[in-house]
Amino acid sequence: MRAALLDALGTLVELERPWPHLVAELGARGATVSEDEAKRAMLAEMAYYKANHDDASDVAGLEDLRRRCAEVVRGELGVDLPVAEVEAAMLAAIRFRPYPEVPGVLRALRDRGTRLVVVSNWDVSLHDVLEQTGLAPLIDAVVTSAEFGAAKPDPAIFAHALELAGARATDAVHAGDDVEADVHGARAAGIEPVLVARDGEPGPEGVRRIPTLEGLIRR
């Protein structure tokens, strides 16, 4: 295996439940909301973000998207705070962490000479997330859909990742947790897919399933 292409959310990193953090962050700014209200607001924000994250291909686009997401949260909660305050609380509530096995697996793969490229449907802020979680030094390259201009399962984003890795499709695998984006996308690009099924979810017939990323080094 010359290259491993890797999804981000659900594969390398997980999102901590943001609603308890949002309750605390808004409370520190003088707005009281319940955890159920915060959860409803954050789920609405997540849906809006997922539909619009490719707008954030650069810093200006990211700032605009974050403001719009904060407006969604503010509208759902009806709090009497400026949008900038809600945005600050929202961003402080969104916290990512790497899955426990991920740093060790990435180091082991690199020790074997495997090139590692993250391929994610994410905005430009993914670079910051990888830095903050300590994963950036363990990765050779990052491709986000917002910056590239195409999202998984489009084969083009996988082809670009292979170029960055200096590998052919037949010499690579792609590991991810989404059947449509990761499994079908990788197959369309001629790459062997590996489904990261952390919750034991089934996958398509003939597709290799692993419960954690350790499965990439334990064949």
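The figures follow:
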| item | result |
| --- | --- |
| The chain - percent relative contact order, Cα under 8 Å, separation 6 or more | 25 percent |
| Separation of alpha-carbon centers, the range 124-177 and the range 2-47, rounded to whole Å | 23 Å |
| Of the GluC sites (Glu not before Pro) in the range 1-75, those whose Cβ has at most 16 other Cβ within 10 Å and which sit in DSSP loop | Glu16 |
| Sequence of Thr32, Thr11 once ranked by neighbouring C-beta atoms within 10 Å, starting from the fewest | Thr32, Thr11 |
| Cβ-based exposure ranking for Lys50, Lys152, in which fewest neighbours within 10 Å come first | Lys50, Lys152 |
| Computed [θ] at 222 nm, helices only, for the chain once each DSSP H run of length n ≥ 4 contributes -39500 (n - 2.57) | -13000 deg cm²/dmol |
| Dipole magnitude of the chain, debye to nearest 20 (Cβ charges: Lys/Arg +1, Asp/Glu -1, about Cα centre) | 840 debye |
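Since every read-out is calculated from the coordinates, none of them should be taken as a lab result. Remember, predicted model here, so these are calculated numbers, not experimental data. FYI the Cβ positions are ideal-geometry reconstructions off the backbone, even for glycines, and counts take in every protein chain you see.
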